[in-house]
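Chemist: Supplied in structure tokens, the structure appears directly below.
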């Protein structure tokens, strides 16, 4: 008879996500995961199949939580430009407050693995697509209400906003303070 699991696999995915986020995929060893999750190697492999299997689950979890949080923030009531400014500011503040300067797990994974791991690349591509979709909904609302100039194509502007966020997440990893990101946020909002 198989022994029941003595750990919560969903909580383990969250803990593993933190390890991968801090160290990156390649630098994370199975022993790092075993230590962080307080489980045996057998449990790690029996539950997740491999380090890569656990990483992909963690990356999916990150994608789902981050894109849901972005959609929620952009969907709050209020003027479109103010919601955009508040959302971008919150992202910048979160990244700048992180003592490990981890940035975005999706962006980090794309730069580390996109050329070597098709499934990881597809997961990060889907995260970018969902981010762009959230921005497109905001832009379309702004066009309907007249808050955003009708000279803009919603798809083009959504792509620009998504790219702005990706750039901000990278800059925050090496930033010594909020000044540069604040300029980016203000220029972005004012360009609408």
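Chemist: What do you reckon, is residue 124 within 19 Å of residue 188 (Cα to Cα), part of a helix (DSSP H, G or I) and within 18 Å of the chain's Cα centre (by Cα)?
Modeler: When the stated conditions are applied, residue 124 does not pass them.
Chemist: Here is a follow-up. Within the set of pairs 6 or more residues apart or between chains, which connect a residue that is without any contact (Cβ under 8 Å) to a residue 12 or more places away in the chain inside region 76-96 to a residue that is in a helix (DSSP H, G or I) with Cβ atoms less than 9 Å apart?
Modeler: 76/83; 76/86; 76/87; 77/83; 78/86; 82/189; 94/172
Chemist: Residues in region 75-89: is at least one closer than 23 Å to residue 128 by Cα and under 14 Å from the mean Cα position of the chain (by Cα)?
Modeler: yes
Chemist: To continue, here is another question. Just name the residue that is surrounded by the fewest Cβ atoms within 10 Å (Cβ to Cβ) out of those in region 33-51 that are touching a helix residue (DSSP H, G or I) at 6+ places or on another chain (Cβ under 6 Å) and closer than 18 Å to residue 120 by Cβ.
Modeler: Looking at the filtered set, the residue picked out is 51.
Chemist: Further question: Test each condition in (1) modelled with pLDDT of 95 or more; (2) over 27 Å from residue 59 (Cα atoms) for residue 163 and report the one that comes out false.
Modeler: Failed condition: (2).
Chemist: Now for a different question. Would you point out the residue of region 144-158, among those that are surrounded by 13 or more Cβ atoms within 10 Å (Cβ to Cβ) and either touching a residue at least 40 places away in the same chain (Cβ under 8 Å) or touching a helix residue (DSSP H, G or I) at 6+ places or on another chain (Cβ under 6 Å) (or both), that is nearest to residue 125 (Cα to Cα)?
Modeler: 158
Chemist: In addition: Give the residues of region 1-59 that are within 27 Å of residue 118 (Cβ to Cβ), part of a loop (DSSP other than H, G, I, E, B) and at pLDDT below 95, sorted by residue number.
Modeler: 49, 50
Chemist: Could you list, in sequence order, the residues of region 67-85 that are touching a helix residue (DSSP H, G or I) at 6+ places or on another chain (Cβ under 7 Å) and outside any helix (DSSP H, G or I)?
Modeler: Result: 76, single match.
Chemist: Would you point out which residue out of 183, 136, 126 is at pLDDT 95 or above and surrounded by fewer than 12 Cβ atoms within 10 Å (Cβ to Cβ)?
Modeler: Result of the check over 183, 136, 126: 183.
Chemist: Would you confirm, using the coordinates I've provided, whether residue 92 is under 14 Å from the mean Cα position of the chain (by Cα) and in a helix (DSSP H, G or I)?
Modeler: yes
The values are calculated or read from the model by the stated rules, or taken from the named source; none is laboratory data. Being a predicted model, the structure only gives us computed values, none of them experimental. Heads up, the Cβs are rebuilt from the backbone with ideal geometry, glycines too, and the neighbour counts pull from every protein chain shown.
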